[in-house]
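First comes the structure, then the notes that go with it.
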Amino acid sequence: MNDMAFETKKTLSRRGFLAGTAATIGLPALAQDVDGAGSVLLEKDVKTTVSRNISSFRSLDWRPYFSNLNNGAVLVDISSRALHFWGADGQTYKLYPSSVPLSEELTRRGRTKVVRKIVGPDWRPTPSMLKRNPEWPSYIPPGPDNPLGTHALYLSWTYYRIHGTHDTRKIGRKSSNGCIGLYNEHIAELFSLTKVGTQVLLI
């Protein structure tokens, strides 16, 4: 097979992969700036798993969840499908709708932190993802076909990230294999606000 045919096949394969992983349509929501003062991949049977698109936009105080705001703090509420960010200055507060894991088995809760920040992340499915979905490509480079969107915050837990998505239908839904997804414009903003060492809590 010549190089051009191979590249065409790869592109079609990626497009088929993305088209095959689309969720049912939901409406996008904007981040809220409160009082001036956060691997999204669908399984084959997502239509039987995904609930309606819903995010609960309720502002929270950081004190019940964190002892301090050193390096800022991110709280992900799996139930309400919302990500909260508090800046180290004690004034900055952001609230974003998010995608969350497909099932309780794929959900991890507890404390972690940001250990790496990448603009234009590439993506490789985990071994368990490939086992469940053998038709998926083994690698997707940065770009519009990448499931991690434009930016990614890598957490201390292996394979877990907070990242963007080019498929806005996933936000507000149970649509990931464990990661937390945001609209690309929201992850870009969160990326600029966080740093390596920012504390993260998933509840």
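Restricting to segment 106-135, give me the number of residues that are at pLDDT below 95, under 22 Å from H151 (Cβ atoms) and among the polar types (S, T, N, Q).
1
Do we have G72 as surrounded by fewer than 17 Cβ atoms within 10 Å (Cβ to Cβ) and either in contact with a Leu (Cβ under 6 Å, 6 or more places away or on another chain) or at pLDDT 95 or above (or both) here?
In short, no.
Just to be sure I understand the filter: pairs with C-beta atoms under 6 Å, separated by 6 or more residues or on different chains, first member in segment 106-119 and of a type in the set (S, T, Y), second member in a strand (DSSP E or B). Which pairs pass?
Hits for this filter: T107/P101; T112/L155; T112/V200.
Which one is surrounded by the fewest Cβ atoms within 10 Å (Cβ to Cβ) among residues in segment 92-112 that are in a helix (DSSP H, G or I) and charged (D, E, K, R)?
Ranking the qualifying residues of segment 92-112, first place goes to E105.
Of all residues in segment 119-174, which are within 15 Å of I187 (Cβ to Cβ) and in contact with an Asp or Glu (Cβ under 6 Å, 6 or more places away or on another chain)?
P142 - this is the single residue of segment 119-174 that is within 15 Å of I187 (Cβ to Cβ) and in contact with an Asp or Glu (Cβ under 6 Å, 6 or more places away or on another chain).
Would you list the strands (runs of 3 or more DSSP E) that sit entirely within segment 113-203 and hold 3 or more residues that are open to solvent by less than 30 Å² (accessible area, probe 1.4 Å)?
In segment 113-203, 151-155, 161-165, 180-183, 199-202 are the strands (runs of 3 or more DSSP E) which contain 3 or more residues that are open to solvent by less than 30 Å² (accessible area, probe 1.4 Å).
The values are calculated or read from the model by the stated rules, or taken from the named source; none is laboratory data. All of these numbers come straight from a predicted model, not from anything done at the bench. All Cβ positions, glycine included, derive from the backbone under ideal geometry; neighbour counts span all protein chains shown. Accessible surface is based on the protein model in full, side chains and every heavy atom, while ligands, DNA and RNA are left aside. Shrake-Rupley method; radii C 1.70, N 1.55, O 1.52, S 1.80 Å.
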